[in-house]
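Written out below as structure tokens is the structure these notes cover.
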Amino acid sequence: MKRYRPLRIHPVLREALTQTRLDKRDFIYPLFVIEGSNLRNPVPSMPDVFQLSIDSLLEECKRLLMLGIRSILLFGIPKSKDSIGSDALSDNGIIARAIRELKSAFGTDLLVIADVCFCEYTDHGHCGILDSNGILDNDLTLEILQKQSLCLARAGADMLAPSGMLDGMISAMREVLDTHGFYNLPIMSYSTKFASAYYGPFRDVAQSTPQSGDRKSYQQNPANRNEAILESLNDERENADILMVKPALAYLDIVRDIREKSLLPLAVYNVSGEYSMLKLAGDAGVVDYDRILLETMIGFKRAGADLIISYHTKELFERGLV
Ligand code: PBG
Ligand code: ZN
């Protein structure tokens, strides 16, 4: 009989032989910025997540840095929305101003990653421009995506993260960024993103629920493994710097598939619905919250993720779990 238990008995040996470890530097914390001042609006569907006005965002980031959190993913929520998401195209828009203030307050201490998409900025809640049939017009949207990318680059974003699942989005962004001298600005592509019910709570926070229809014409079918791999490999060819799988928990097989087929860094997005499920289960006392949290994060890394985007980041650091 081959015995496996001898290596599991002594805690020091067990610890020494731990194959997957979490590192503080793996984590990226999503934040939401709104117009106004001194605001810290709670979100009912996501305990401990807030919409922050720019002044509150600056305070929050100061606290995050004190905790040791160095990377944030920023989403802007404008005051007024229209059919093409104009606020996202303006140097005076909410996200551009927030990034400028963050960069002048924290410089290179904080990595500011900017979401590149239109669903938070359009009145119809879709991720770009709609055609006369109400379908997302891919190529027209690429044009405003280029404008948005430049606007974020000029504001000082340290990395851009396009989340709209448009065909050709990485090539379009790379081209415009390079032509304007931003050839050193990295792009983290939401390269494999599924049309998922796990995004429900996020759409409350970001006020980005589609007013009609759904996102199935641009986000991927959860049942399709081949397409999931093709999409990420395509973004690698378009010169994305980092790939991503989103959501995380129900798609760890895809994380492993892409890990084995690409040598690029890979991120997972532990999305809003995944966060709220654990949070509510923890609050209800039906699971050991801290342990389940760590087990979940370890699962992401074991599957092959280098970076973990998670709303749990702050509490992981606060409780000294990482
Ligand atoms: C859309 C976008 C989504 C998320 C971030 N950007 C999904 C969507 O609404 O379709 C989801 C993040 C989360 O659920 O935490 N561009
Ligand atoms: Zn979007």
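The figures follow:
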item: I292 accessible area, assembled protein chains, probe 1.4 Å, Å²; result: 50 Å²
item: Degrees, to the nearest 10: 225-237 long Cα axis against longest axis of the chain; result: 60 degrees
item: Fraction of accessible area attributable to carbon and sulfur, region 43-154 (%, probe 1.4 Å); result: 52 percent
item: Packing rank of 243-251, 38-46, 194-202, 13-21, where each peptide gets the mean count of other beta carbons within 10 Å, highest leading; result: 243-251, 194-202, 38-46, 13-21
item: For the chain, share of DSSP beta bridges that run antiparallel, in % to the nearest 5; result: 15 percent
item: Residue-normalised accessible area of region 174-250, expressed per residue, 1.4 Å probe, Å²; result: 47 Å²
item: Evaluated at q = 0.07, 0.15 Å⁻¹: base-10 log I(q)/I(0), Debye formula over Cα of the chain; result: -0.27, -1.29
item: Percent of beta bridges antiparallel (DSSP, region 1-143, rounded to nearest 5); result: 25 percent
item: Tilt relative to the chain, helix 272-283 - C-alpha long axis, 0 to 90 degrees, to 10; result: 50 degrees
item: Long-range lysine pairs (8 or more apart or interchain), the chain, Cα under 24 Å; result: 29
item: Environment charge at R8 (Cβ cut-off 14 Å; Lys +1, Arg +1, Asp -1, Glu -1); result: +3
item: Shape parameters for region 1-66, alpha-carbon atoms, Rg then Dmax in Å; result: 21.2, 68
item: Rounded if a/c under 1.5, otherwise prolate or oblate - region 206-322, Cα gyration tensor axes; result: oblate
item: Surface accessible to a 1.4 Å probe, per residue, for the residues of region 23-87, Å²; result: 44 Å²
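The values are calculated or read from the model by the stated rules, or taken from the named source; none is laboratory data. This one's a predicted model, so the numbers in the text were calculated from it and none came from an experiment. Neighbour counts are summed over all protein chains in view; Cβ atoms, including those assigned to glycine, are modelled from backbone coordinates with ideal geometry. Each accessible area value is taken on the protein alone, full model and side chains, heavy atoms only, with ligands, DNA and RNA left out. Shrake-Rupley method; radii C 1.70, N 1.55, O 1.52, S 1.80 Å.
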